[in-house]
Amino acid sequence: MVMLQMAEKTTKTKRRALLMTQNEPSSTPAPSPSPSPASFQEPKPLPGDAFDRMRMDPEIQQFRRKLMIGAGLVGLIVVLLVVWSLMPSPAKKAESLASKLAKAGDPPSQLGGKMVLPPDVALMQPEEPMPQVNSGNLVFRPTGSESLKTASALPKVTGGDLAKLAAAEELIGKFLETPTWKQRVLLVRDRLRVAPLMSIYYSKNADGPQAFDSIVEATELSPKFSQHVVVFEGGGRRVATVEHSAAGVRVDWESFVGAGEMGWSDFLELKQAAPTLFRVLVSPAGHFENQFGDPSKLQCYSLRNISEPGAKVVYGYAEKGAAITKALDYQLQLSADATVPMILRLKFPPDAPVDFQVWISELVQAGWVTP
């Protein structure tokens, strides 16, 4: 083994441990004879173990100490993090305890910053026994209520119901595509009574097929009726109701066009004084003038008819506190929509100065489909 003296470029530190003997002689050795030329060709090894001399190097010992200290610090940090993650948070303890006491109805008291439980309050309250219900019903407590309620079962959708809805949509498509009302009357319910009304209606309104985009939102109202939304080309919508009976499926034409006992424009032009039946969309309003100018005595409603394109909106009035006013307000409160379809009987007052203010003489029913 040949050991050479090395020096680093940066620090110029010499590795003296590799070049020095461990035990130096006490006296000066006698001068050795001049070496022969052959002795320069073979270097002489230093006495002692090279590994032991390397371990005595100061820099290696210093690096070793730093490495051991760093490893110890990393291990200590890992142990502290593991212990911290396993310890429960004091805030979570206090929050959990406060929520349990709040459910018990008795808030905790604090003495010296510490939470003290009332002596008669247990952390776990016994659950209230649920009432006996029929199989398949759901019992729940509504938000903000102390009483329990039973949820009604949802109607089951069977293959037969889907077939009924599909047959109804097919019928509505044929109904809209028929070229004349005389062919269309074969597809409507109660056609013997409705045929004269259709004849009068289409004598004043355009007849022919109606272009539509799709039929959506099929809903089974009852075993007898289903409701469908027709989307016309251009974005307009209208509800079509279909009757399911032993004779087959039929479209309710009167509710589809919003038909009444006479034309809407004729009623306004003649200012009909006799009560006349109409299908209208009702919403609350506040227009008071002429004979209907006292809001302290009258209730005002907006009435809109869809049987004619661009039909004028009319204001209907009823006396406050009357039975008909209470019935109208009740139907409006029941619905989540801004307007509610109703069948009403309307009439003009004698010598009416305008054609947009009428009396509401009778609420026939809510909805446009008659039984």
| Could you count how many residues in segment 317-364 are exposed (fewer than 15 other Cβ atoms within 10 Å of the Cβ), over 26 Å from residue 294 (Cβ atoms) and either touching a strand residue (DSSP E or B) at 6+ places or on another chain (Cβ under 6 Å) or not assigned by TED's automatic domain parsing to the domain that holds residue 277 (or both)? | 1
| Those residues of segment 262-289 which are under 23 Å from residue 320 (Cα atoms) and of a type in the set (A, V, I, L, M), in sequence order | 273, 274, 277, 280, 281, 282, 285
| query | Within segment 238-259, which residues are hydroxyl-bearing (Ser, Thr, Tyr) and under 35 Å from the mean Cα position of the chain (by Cα)? | reply | 241, 255
| message | For the structure I just gave you, tell me whether residue 236 is at pLDDT below 95 and in the same structural domain as residue 175 (by TED's automatic domain parsing). | response | yes
| note | Residue set 233, 254, 243, 261; condition surrounded by 17 or more Cβ atoms within 10 Å (Cβ to Cβ), acidic (Asp, Glu) and free of Cβ contacts under 8 Å to residues at least 60 places away in the same chain; output residue 243
| message | Within segment 164-200, take every residue that is within 13 Å of residue 248 (Cα to Cα) and not in a helix (DSSP H, G or I) and give me the one that is farthest from the chain's Cα centre (by Cα). | response | 190
| Are any residues in segment 281-301 within 25 Å of residue 257 (Cβ to Cβ) and either touching a Leu at 6+ places or on another chain (Cβ under 8 Å) or of a type in the set (Asp, Glu) (or both), and if so, which ones? | 281, 282, 283, 301
| Which of the residues spanning segment 194-218 are modelled with pLDDT under 90 and among the β-branched types (Val, Ile, Thr)? | 216
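The values are calculated or read from the model by the stated rules, or taken from the named source; none is laboratory data. These figures come from a predicted structure and were not determined experimentally. FYI the Cβ positions are ideal-geometry reconstructions off the backbone, even for glycines, and counts take in every protein chain you see.
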